[in-house]
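Take a look at the structure set out below.
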Amino acid sequence: MKKFFLLAFIFLPLNTSAQVCGEDCFERPSCEDLGYKQGINCPESYVTCPFDPTFLWCKQYTCADGRYENSPKNANEGYACEAVSYHGLTCYECEVAVCANGKYNRSTCWNGQLYELVTNADLCVSLGYTDIHGYCDEYLVCPADETRIKCILR
């Protein structure tokens with residue numbers, strides 16, 4: 001009799017967990033439900049469905065994956081862009097345009113900051129220009145406000 005209770009006590013937790021699993025289980029989704037497709041050709045990389053290896057999911061690349069732009073950025077905002085091929089996509093590599101030596105473009109050079117520096121005195125303040133003349137021997141004058149200077153330290 002003691003053996004019966006001992007065996008019943010040992011197998012009781014297994015029986016309880018089987019009942020709980022039966023209540024929590026649900027029907028397995030199909031490969032199609034998970035986004036896999038059958039009869040497709042993936043040019044680069046793919047993942048097979050764990051339930052049926054004839055279903056595949058192809059890696060779909062975007063320009064952002066390669067840190068490129070989908071379309072060229074506006075040249076008027078100071079960008080120079082070049083078309084590049086990335087995994088069969090036409091993407092754009094954009095950089096801030098740099099002016100050639102001795103030349104400048106107010107709207108594009110230094111991403112438009114040259115124009116701002118010439119017209120916006122608040123930008124001079126944010127770049128460290130003060131209004132204290134006589135504080136230093138060598139200084140730069142703010143192009144937008146000649147009362148503000150920035151000392152040149154040597």
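With K and R counted +1 and D and E -1, the other residues having a Cβ less than 14 Å from that of Ser45 yield a net charge of -1.
Database remark: amide H of Val84 closer than 5 angstrom to the amide H of Cys91, Tyr92, Glu93 (H placed geometrically; neighbours at sequence offset of 5 or more, or on other chains; Pro and chain starts carry no H).
Each value in this text was obtained by applying a stated rule to the coordinates, not by laboratory testing. Everything quoted here is computed from the prediction, not taken from an experiment. So basically every Cβ, Gly included, is an ideal-geometry build from the backbone, and we count neighbours across all protein chains shown.
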